[in-house]
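The values are calculated or read from the model by the stated rules, or taken from the named source; none is laboratory data. Because the structure is a prediction, the values reported are computed rather than measured. A quick note on method: Cβ atoms are made from the backbone with ideal geometry, for glycine too, and the neighbour counts reach across all protein chains shown. When the accessible area is computed, the model is the full protein with side chains, heavy atoms only, and any ligands, DNA or RNA have been set aside. Shrake-Rupley method; radii C 1.70, N 1.55, O 1.52, S 1.80 Å.
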Amino acid sequence: MGVMEPGDGRPARQPASPGPGGMPPGEFREWGHQLVDWVAGYLENLERHPVLAEVEPGWVRGGLAAEAPVRGEPMESLLEDFRSVVLPGITHWNHPAFFAYFAVSGSGPGILGELLAAALNVNAMVWKASPAATELEQVTLDWLRGFLGLPPGFTGTINDTASISTFHALAAARERRLPEARVPGLSGARPGRVYATPETHSSILKAVRALGLGRDGLRVVATGPERGMDPAALARTIDQDVASGFRPLAVVATIGTTSVTAVDPVGEIADVAAAHELWLHVDAAYAGPAAALPRMRRHFRGWERADSIVINPHKWLFTPIDCSVLYVRDPGALHAAFSLTPAYLETGEEGVRHNMDLGLALGHRFRALKLWMVMRYFGQEGLRAILDHHLGLARLLAGMVDAAPGWERWRPAPFSLVVLRHSPPGVAVSQRDAANLEIMHRVNAGGTAFLSHTEIDGEVWLRVAIGNIHTMERHVHSTWAALLEAAEPDATATSN
Ligand SMILES: *Cc1c(COP(=O)(O)O)cnc(C)c1O
């Protein structure tokens, strides 16, 4: 961490306000080396940091200047603020005991890929604007498709987040299923409906609203006891809507829901979607990479029949955020929704991809480079080994929870998320909920792990989401020990 510490004797050598031409190459090289060293040291010593930032709201803002500096500052002084103000306000998603939400982790090759992409700084909006960025993205997403066992015939494109990928998919669905709205807009069209369960991610409702379908545009479909969509309920809901004059547009099936990683039965949903000519969008933002393991493929049965699928390599494929992949069966549907070429962007090449035609944004970052580097560095075997390791850690934790009196676990747990709670006999539900939140706060405040919670039928459960590339068995053991310890005061209170 030497580079971040003041007084290492290095004089501030650059002119105070560098101006045209930017940072001199020699200075860039020197700081570049130092910062790569710092990053390496950071990754080596992640556990020196508390997982969760320990600052109060406003503390970071209070530590920063209110206005931009008038004269340029030497790198030393801004890195000093990075060390003393920014770092303490960081929640360390890279920390091996980050188990909240869904883990993300940037691996070495992914971080280096990000560095190269930042250096090249291309904007691959049209093919000519950087042929390699466009074509390497196509090749990498074909690799990923094959790795996940999806058949050819899906075209991939990279967005920043699953929320945007899903928005694009549903925009294509609206274009296809409500063509009469294309020119005059939605006001004269039959109101469209999108189907999903109460377990689906909030990004679905956001997309439905942003697409002008209103809050009522999302129709909630009942689930079975394991929280997967009930296909019979889907068929019934669609029939009711058709009879009432609505236009069914799309159904969103999730493989690995956010709360408990429930799996919607995609094959049966695909039958219903086909019968009603609905667009089938599959949200596998988190769980998608598990399809790389042949024994996990059964959870993905039927997803090859989808019109679109979203998978986030920035979640469980060790690629730095952001990197979300949208696969579509018919890229023409995205074109129909988004292609619109002003004269200044006409480039004349035939048969090439122009990324600007596949989504809302004109600009297109070279995100594929980091994913390509991750896939090449680890190889299919290496990536499968890490995914397998995570599934094993989840089984290990599940086994310890199951063997512990007074604890229970949500089942099934098909992926790497373990949902659990302290539930000693004879404790009222309201008291149990409060006790579990207290347990979570104690664990999180202890600095050794970071957990989040969810509600199932209004009751509190704790989530331990495994999936960070740095996580080892000992982190699972120490987190379980922290949970047991945090629960102890409650155990004595209830036995009194
Ligand atoms: C994380 C997640 C999302 C949202 O992902 P973003 O990339 O943050 O928009 C959507 N759906 C599921 C199932 C997720 O796990």
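For the range 38-46, check the following and say yes or no: at least one residue is in contact (Cβ under 8 Å) with a residue 24 or more places away in the chain, over 24 Å from the mean Cα position of the chain (by Cα) and within 28 Å of Thr448 (Cβ to Cβ).
So far as the range 38-46 goes, yes, one or more of its residues are in contact (Cβ under 8 Å) with a residue 24 or more places away in the chain, over 24 Å from the mean Cα position of the chain (by Cα) and within 28 Å of Thr448 (Cβ to Cβ).
For the range 56-85, how many residues are surrounded by 15 or more Cβ atoms within 10 Å (Cβ to Cβ) and under 28 Å from Ser478 (Cβ atoms)?
The number of residues fulfilling the criteria is 1.
Which of the residues belonging to the range 377-413 are touching a residue at least 24 places away in the same chain (Cβ under 8 Å), under 28 Å from Leu112 (Cα atoms) and under 21 Å from the mean Cα position of the chain (by Cα)?
Within the range 377-413, Phe378, Gln380, Leu383, Arg384, Ile386, Leu387, Asp388, His390, Leu391, Leu393 qualify.
Give the range 263-277 a look and list any residue that's touching a residue at least 40 places away in the same chain (Cβ under 8 Å), of a type in the set (A, V, I, L, M, F, W, C) and open to solvent by 10 Å² or more (accessible area, probe 1.4 Å), or say none.
Matches in the range 263-277: Val263, Val272, Ala275.
State whether one or more residues within the range 439-451 are assigned to a strand (DSSP E or B), surrounded by 14 or more Cβ atoms within 10 Å (Cβ to Cβ) and touching a Ser or Thr at 6+ places or on another chain (Cβ under 8 Å).
Of all residues in the range 439-451, those assigned to a strand (DSSP E or B) come to 450.
From what's left, surrounded by 14 or more Cβ atoms within 10 Å (Cβ to Cβ): 450.
From what is left, the residues that are touching a Ser or Thr at 6+ places or on another chain (Cβ under 8 Å) are 450.
Yes, that holds for at least one residue.
What residue, among those in the range 247-290 that are among the hydroxyl-bearing types (Ser, Thr, Tyr) and in contact with a Lys or Arg (Cβ under 7 Å, 6 or more places away or on another chain), is farthest from Phe99 (Cα to Cα)? Walk me through how you get there before you give the answer.
Step one: list which residues in the range 247-290 are among the hydroxyl-bearing types (Ser, Thr, Tyr), which gives 254, 257-259, 261, 286.
The next check asks that each one be in contact with a Lys or Arg (Cβ under 7 Å, 6 or more places away or on another chain); those that pass are 257, 286.
Values: Thr257: 16, Tyr286: 14 Å.
The qualifying residue farthest from Phe99 (Cα to Cα) is Thr257.
What are the residues in the range 117-165 that are among the aliphatic types (A, V, I, L, M), open to solvent by 20 Å² or more (accessible area, probe 1.4 Å) and within 20 Å of the chain's Cα centre (by Cα), if any? Before you say what the answer is, go through the steps one by one.
Here is the first cut: in the range 117-165, the residues among the aliphatic types (A, V, I, L, M) are 117-120, 122, 124-126, 129, 132-133, 136, 139, 141, 144, 148, 150, 158, 162, 164.
Filter once more, so that each one left must be open to solvent by 20 Å² or more (accessible area, probe 1.4 Å): 118-120, 122, 125, 129, 132, 136, 139, 164.
Selection gives Ile164 alone.
Quickly run through the range 215-244 and pick out the residues that are open to solvent by less than 30 Å² (accessible area, probe 1.4 Å), out of contact with any strand residue (DSSP E or B) (no Cβ under 9 Å at 6 or more places or on another chain) and more than 16 Å from Leu278 (Cβ to Cβ).
Gly224
Phe415 passes all but one of (1) out of contact with any Leu (no Cβ under 6 Å at 6 or more places or on another chain); (2) part of a helix (DSSP H, G or I); (3) within 25 Å of Gly108 (Cα to Cα); which number fails?
Every condition holds for Phe415 apart from (2).
Which helices (runs of 4 or more DSSP H) does the range 237-341 wholly contain that include 1 or more residues that are farther than 27 Å from Leu369 by Cβ and within 12 Å of the ligand (Cβ to nearest atom)?
Correct list: empty, since no element meets the threshold.
So is Asp271 acidic (Asp, Glu) and closer than 24 Å to Thr454 by Cβ or not?
On the way: acidic (Asp, Glu): yes; closer than 24 Å to Thr454 by Cβ: no.
No: the conditions fail for Asp271.
Name every residue in the range 384-416 that is open to solvent by less than 10 Å² (accessible area, probe 1.4 Å) and either more than 18 Å from Glu473 (Cβ to Cβ) or touching a helix residue (DSSP H, G or I) at 6+ places or on another chain (Cβ under 7 Å) (or both), in order of residue number.
Leu387, Leu393, Leu397, Phe415, Ser416
Does any residue of the range 471-479 turn out to be more than 18 Å from Gly392 (Cβ to Cβ), at pLDDT 95 or above and touching a His at 6+ places or on another chain (Cβ under 8 Å)? Don't jump to the end; show me each part of the working.
We begin by selecting, within the range 471-479, every residue more than 18 Å from Gly392 (Cβ to Cβ); these are none.
There is no residue in the range 471-479 that is more than 18 Å from Gly392 (Cβ to Cβ), at pLDDT 95 or above and touching a His at 6+ places or on another chain (Cβ under 8 Å).
Does the range 70-91 hold any residues that are part of a helix (DSSP H, G or I) and of a type in the set (Lys, Arg), and which are they? Steps first, answer last, please.
Residues of the range 70-91 part of a helix (DSSP H, G or I): 75-89.
The one that is part of a helix (DSSP H, G or I) and of a type in the set (Lys, Arg): Arg83.
Could you list, in sequence order, the residues of the range 326-376 that are open to solvent by less than 40 Å² (accessible area, probe 1.4 Å) and without any contact (Cβ under 8 Å) to a residue 12 or more places away in the chain?
Listed by number, the residues that qualify are Gly332, Pro342.
What tally of residues in the range 297-322 results from selecting those that are more than 30 Å from Arg365 (Cβ to Cβ) and touching a residue at least 60 places away in the same chain (Cβ under 8 Å)? Before the answer, list the steps.
First pass over the range 297-322, keeping only residues more than 30 Å from Arg365 (Cβ to Cβ): 297-299, 301-302, 305.
Filter again for touching a residue at least 60 places away in the same chain (Cβ under 8 Å), leaving 297, 299.
Number satisfying all stated conditions: 2.
Whether any residue in the range 367-386 is under 22 Å from Thr471 (Cα atoms), part of a loop (DSSP other than H, G, I, E, B) and out of contact with any strand residue (DSSP E or B) (no Cβ under 6 Å at 6 or more places or on another chain) is what I want to check. Reasoning before the result, please.
Start the filter on the range 367-386 by keeping residues that are under 22 Å from Thr471 (Cα atoms), which leaves 370-371, 373-386.
Applying the additional criterion that residues be part of a loop (DSSP other than H, G, I, E, B) yields none.
No, the range 367-386 contains no residue that is under 22 Å from Thr471 (Cα atoms), part of a loop (DSSP other than H, G, I, E, B) and out of contact with any strand residue (DSSP E or B) (no Cβ under 6 Å at 6 or more places or on another chain).
Here are some residues: Ala53, Ala40. Which one is of a type in the set (Gly, Ala, Ser), in contact with a Gly (Cβ under 6 Å, 6 or more places away or on another chain) and either exposed (fewer than 13 other Cβ atoms within 10 Å of the Cβ) or part of a loop (DSSP other than H, G, I, E, B) (or both)? Write out each step before concluding.
Details: Ala40 fails: in contact with a Gly (Cβ under 6 Å, 6 or more places away or on another chain).
Only one candidate passes the filter, namely Ala53.
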